[in-house]
Amino acid sequence: MRSPVLRRPRTRLFAAATLALAALSLTACGPDNGSGVRNEGSATANATASAAASPGAAPEPSASNSNSSGSASGSSSGSHSGSTTGGGSTASSGKRHPAASDPYDPAHRVPCTATNTKVTATLAPRPLNHMLLTVTNTGSAMCDLMGYPIVQFEGAQSVPPVMEDSKPQAVTSLKPGAKGYAGIILSAGDGSGGGGYTARHLKVGFQDNDKMADAALQAGGVHIDNALRVTYWLTSAADALQ
């Protein structure tokens, strides 16, 4: 009869082999959840959620998106550059057109008044009983002599009427320093005019302006009567005395 001592080593060997297999099985399954069993489903779900939440997981821009960004950037840059260039061009064009400082530019004309002119009155040797008014532009811009002079002789009850046949085809305009003219018929040459008297002072006014200029008369004054008439403002002294 065999001794039972021989069975113990076999039993121990079997137990050791069983423990080794169990250890290999646990190693293959990976880390457990505390109970010795790995939860594969939970690990997979957590990994997916982490990948979705991570900023680094955003997809690379496609070729079409890149082109759109390039077009938008190019358009914006081009528009801004064009606007800047246009502004520069406007400023340059202003320098190329010095009309704003040109006193002869029609756009900068002003009315001739007693403020920007000097008026003189001279008896004409011919025709008889005629006087010539001369207006000089003393301003810095071209001025327009509108209509005819408003003539006010000392003691006159009204201003004399204008001779319509002397009306020019265009308004008389004076450059700085230039002269304009008007003629005055003082009295009837044949003595037929009534209400005659001697006037020693004369004021000359301009259309649509209340201020009047003094025009000195010859010593002793001039004789006027009811035949008193004036011409329109003209560019020629000869035309004013016709």
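Model label points for ALA124 and ARG229, set 7 angstrom from Cα along the Cα-to-Cβ axis, are 1.2 nm apart. Its alpha carbons considered, region 108-240 gives a radius of gyration followed by a Dmax of 14.2, 47 Å. Compute the distance in nm between two label points, each set 7 Å from the Cα along the Cα-to-Cβ direction, one at ASP208 and one at ALA141. Using points 7 Å along Cα→Cβ, the separation is 1.3 nm.
Laboratory data are not the source of any read-out in this text; all were calculated from the coordinates shown. The structure displayed is predicted, hence computed values, not measured ones. Virtual Cβ from ideal backbone geometry, glycine too; neighbours counted across all protein chains shown.
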